[in-house]
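Take a look at the structure set out below.
The values are calculated or read from the model by the stated rules, or taken from the named source; none is laboratory data. Computed from a prediction, not measured in an experiment: that's the story for all the values here. Reconstructed Cβ throughout: ideal geometry from the backbone, glycine too, with neighbour counts over all protein chains shown. Note: accessible area is taken over every heavy atom of the protein model, side chains too, but ligands, DNA and RNA are not part of it. Shrake-Rupley method; radii C 1.70, N 1.55, O 1.52, S 1.80 Å.
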Amino acid sequence: MAASRNLAAVVIGVVFLGLVGLLLYGVLVSDRADREALPSPLIGKPAPEFSLPVLHEPGRLVSSAELLGQPYLLNVWGSWCPGCRVEHPVITRIAETRRVRVIGYNWKDEHADALRWLEQFGNPYWLVLVDYDGRNAIDWGIYGAPETFLVDAQGIVRWKHVGPVDDATLENSLMPALDAIGVPE
Amino acid sequence: MLAAFGSVAQAQAVRDATPLEFRDDAEERRFHDLVAELRCVMCQNQSLADSNAQIAHDLRREVFDLMREGRSDDEIREFLVARYGEFVLYRPRFGGHTWALWLAPGLLLLAGGVVIVRIVRARGRQPIPPDEEQEW
């Protein structure tokens, strides 16, 4: 009888500690800046196929197949997006290292607004693709801007970041991801 | 070229604004049931049906188009899960890493029940000691 009471106490204790642990985890996670960022189911899978117009040459379409062979960083932005303005200097710095091609993904923007934005703040992009109606963005699992993807030379999505890329993200997350896919510095 | 683009952009805005037109009540009901159980990825505390976020508009349009292509509800859910993750389902499916979510409440209830039954039985076997300090 004492044994069964002990067992009951142990069970209650374990459940209680488990709940306390969950609560603590929740509290710790709650002040992470990216706590609402969704993990991308695309990581480790081929990037979606697309054929999108180029911002500066609206008649030209670029397909996902054409981008194979070298890794690229796909940066989702729009002139309407305040976070994109914030990360713009960091994206520019990444582009200036010439370590990886930075491709702009102009999402649900107006053509003239997009051009004006790049003129005003500078164009760090090797190429800017345009997705006016956001149809293709659904294939990428894009749900806000800015978002940034790293796609390797074989066209596999290796890394994703939701929200502005800042110096810490660059140092702690993107650079190791580039190292991991063997991009020389 | 620029003028052509301007008109494309305008057409786009118009397309965004056109409300979805359903063929019949059954289609409309199916659509509403479906978007009510899908979560808006942007706002996260609203369903796709309730959200006014731009991405929710786009995803509703996509769900509608997939319905028109003749895809089943399950195929449409699968389409969204493949892009946005299990998170988009308000009723997550059983399996993978969601089994704990599904089983935990039942297991907790069961464990609690067992504990209570044991305590009650253990007490039932004991005579209740007379309480000397009781005044009535």
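Any idea how many residues of the stretch B:25-44 are among the hydrophobic types (A, V, I, L, M, F, W, C) and open to solvent by less than 40 Å² (accessible area, probe 1.4 Å)?
6
Within the stretch B:45-61, which residues are part of a helix (DSSP H, G or I) and surrounded by fewer than 19 Cβ atoms within 10 Å (Cβ to Cβ)? Quick ask: steps written out before the conclusion?
Taking the stretch B:45-61 as the starting set, the residues that turn out to be part of a helix (DSSP H, G or I) are B:54-61.
The answer is B:54, B:57, B:61.
Report yes if some residue within the stretch A:130-138 is away from chain B (no Cβ under 14 Å) and part of a loop (DSSP other than H, G, I, E, B); otherwise report no.
no
Residues to consider are A:86, A:183; find the one that is of a type in the set (Val, Ile, Thr), open to solvent by 60 Å² or more (accessible area, probe 1.4 Å) and more than 14 Å from every other protein chain (Cβ to nearest Cβ).
Within the list A:86, A:183, the selection yields A:86.
Among the residues of the stretch A:54-77, which ones are within 12 Å of chain B (Cβ to nearest Cβ) and touching a residue at least 40 places away in the same chain (Cβ under 8 Å)?
Once the filter is applied, which keeps residues that are within 12 Å of chain B (Cβ to nearest Cβ) and touching a residue at least 40 places away in the same chain (Cβ under 8 Å), the stretch A:54-77 yields A:54, A:55, A:56, A:58, A:76.
Checking residue A:165 against (1) open to solvent by 10 Å² or more (accessible area, probe 1.4 Å); (2) within 12 Å of the chain's Cα centre (by Cα); (3) over 22 Å from residue B:57 (Cβ atoms), which test does it fail?
Condition (1) is where residue A:165 drops out.
Scanning the stretch A:90-129 for residues that are of a type outside the set (Phe, Trp, Tyr), more than 10 Å from chain B (Cβ to nearest Cβ) and assigned to a loop (DSSP other than H, G, I, E, B), which turns out surrounded by the most Cβ atoms within 10 Å (Cβ to Cβ)?
Here the answer is A:100.
Residue A:77 - would you say it is of a type in the set (Phe, Trp, Tyr), within 19 Å of residue A:170 (Cβ to Cβ) and crowded, with 20+ Cβ neighbours inside 10 Å? Give the derivation first.
On the way: of a type in the set (Phe, Trp, Tyr): yes; within 19 Å of residue A:170 (Cβ to Cβ): yes; crowded, with 20+ Cβ neighbours inside 10 Å: yes.
Taking the combined requirement at face value, the residue satisfies it.
Mind checking which residues of the stretch A:35-58 are over 24 Å from residue A:164 (Cα atoms) and at pLDDT below 90?
A:58
Mind counting the residues in the stretch A:8-51 that are of a type in the set (S, T, N, Q), more than 26 Å from residue B:45 (Cα to Cα) and in a helix (DSSP H, G or I)?
Adding up the residues that qualify gives 0.
Let's see how each residue does on (1) away from chain A (no Cβ under 11 Å); (2) among the polar types (S, T, N, Q); (3) without any contact (Cβ under 8 Å) to a residue 40 or more places away in the chain; (4) more than 30 Å from residue A:107 (Cβ to Cβ):
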residue: B:28; (1), (2), (3), (4): yes, no, yes, no
residue: B:62; (1), (2), (3), (4): no, no, yes, no
residue: B:69; (1), (2), (3), (4): yes, no, yes, no
residue: B:81; (1), (2), (3), (4): no, no, yes, no
residue: B:84; (1), (2), (3), (4): no, no, no, no
residue: B:89; (1), (2), (3), (4): yes, no, no, no
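Taking the stretch A:141-185 as the search range and keeping residues that are hydroxyl-bearing (Ser, Thr, Tyr) and touching a helix residue (DSSP H, G or I) at 6+ places or on another chain (Cβ under 9 Å), which one is farthest from residue A:69 (Cα to Cα)?
A:143
Could you check how many residues of the stretch A:139-172 are away from chain B (no Cβ under 14 Å) and farther than 20 Å from residue A:83 by Cβ?
Within the stretch A:139-172, residues that are away from chain B (no Cβ under 14 Å) and farther than 20 Å from residue A:83 by Cβ number 7.
Every residue, every condition in (1) part of a helix (DSSP H, G or I); (2) surrounded by 17 or more Cβ atoms within 10 Å (Cβ to Cβ); (3) touching a His at 6+ places or on another chain (Cβ under 9 Å), yes or no:
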| residue | (1), (2), (3) |
| --- | --- |
| B:64 | yes, yes, no |
| B:70 | no, no, no |
| B:77 | yes, yes, no |
| B:102 | yes, no, no |
| B:106 | yes, no, no |
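So which residues in the stretch B:79-100 are open to solvent by 40 Å² or more (accessible area, probe 1.4 Å), in a helix (DSSP H, G or I) and modelled with pLDDT under 90, if there are any at all?
Within the stretch B:79-100, B:86, B:87, B:99, B:100 qualify.
Against the conditions (1) modelled with pLDDT under 90; (2) aliphatic (A, V, I, L, M); (3) exposed (fewer than 12 other Cβ atoms within 10 Å of the Cβ), where does residue B:110 fall short? Just the number, please.
The failed condition is (1).
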